[in-house]
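The values are calculated or read from the model by the stated rules, or taken from the named source; none is laboratory data. Quantities reported herein were computed from a predicted structural model and do not represent experimental measurements. Heads up, the Cβs are rebuilt from the backbone with ideal geometry, glycines too, and the neighbour counts pull from every protein chain shown. Surface accessibility is based on the protein's heavy atoms, side chains included, excluding ligands, DNA and RNA. Shrake-Rupley method; radii C 1.70, N 1.55, O 1.52, S 1.80 Å.
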Amino acid sequence: FLQFAINKEENTKALCEMGKLFAHTQQPGWDENFNDEDIPLERKRIEQKVAIDYLTRAGEKGYAEAYSCLVSVAIDIAYADETPEEEGDEMRTKAYGWAKAGAALDHAQSHLDLAVFYQCGVGCEEDFDKAWKWYARGALYGYYDCYAGLYSMAKTKDYEADDNFKEACAIYAV
């Protein structure tokens, strides 16, 4: 059905769902017996490339969720034990770019992804001011993980914040 929807209209949601299928990033419970580690590495790499193709097409058509899925696939590849260092660096850089693209479309998960990248220097230079900005933007959209990021930065002194703000973030992140 999804393939029909893609062929007929290049439906962005269908493209994204096909990308998720190939990336094995479905919501928990879609198949409780499925184990990603059971897939041979060569097949997994082929499926990840297909996923990147579908998700890129969806993202280019303005489907913001596709970018956070692209970030997940890229990070999965970048930090896999068998990934050569150069390829891992390239995938981290791509993940950063995809997070920026999703954040530009005001996708809350992309705000979080971009904030984490800036906070940790993944695919970009470490920049706490930019990390704070993207955590705050995601928090404005009510994304609780962004509140947790703000609280974490404030608590660890990565960024200055008064005690009232720390307490508010802790409450919203719960």
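Of the cross-linked pairs 100/155; 49/133; 133/155; 13/130; 44/100; 20/94, those separated by over 24 Å at the C-alpha level are 100/155; 49/133; 13/130; 44/100.
Using 19 Å as the cut-off for backbone N distance, which residues of the range 67-83 belong to the label zone defined by a point 7 Å from the Cα of residue 13 along Cα→Cβ? Under 19 Å, as judged by backbone N against the label point of residue 13, lie 67-70 of the range 67-83. For the range 44-152, with all protein chains in place and a probe radius of 1.4 Å, 50% of the accessible heavy-atom surface sits on carbon or sulfur. Take the Cα of residue 21, step 7 Å toward its Cβ, do the same at residue 140, and the gap between the two points is 3.8 nm. Peptide packing: for 44-51, 117-124, the average count of neighbouring Cβ atoms within 10 Å per residue gives the ranking 117-124, 44-51, highest mean first. Annotation: per residue accessible area for the range 50-107 equals 47 Å², rounded to a whole number [probe 1.4 Å, protein chains only].
With r as the distance between the Cβ atoms of residue 93 and residue 156 and R0 = 30 Å, compute the FRET efficiency 1/(1 + (r/R0)^6) and round to 0.05.
That pair, residue 156 with residue 93, gives E of 0.70.
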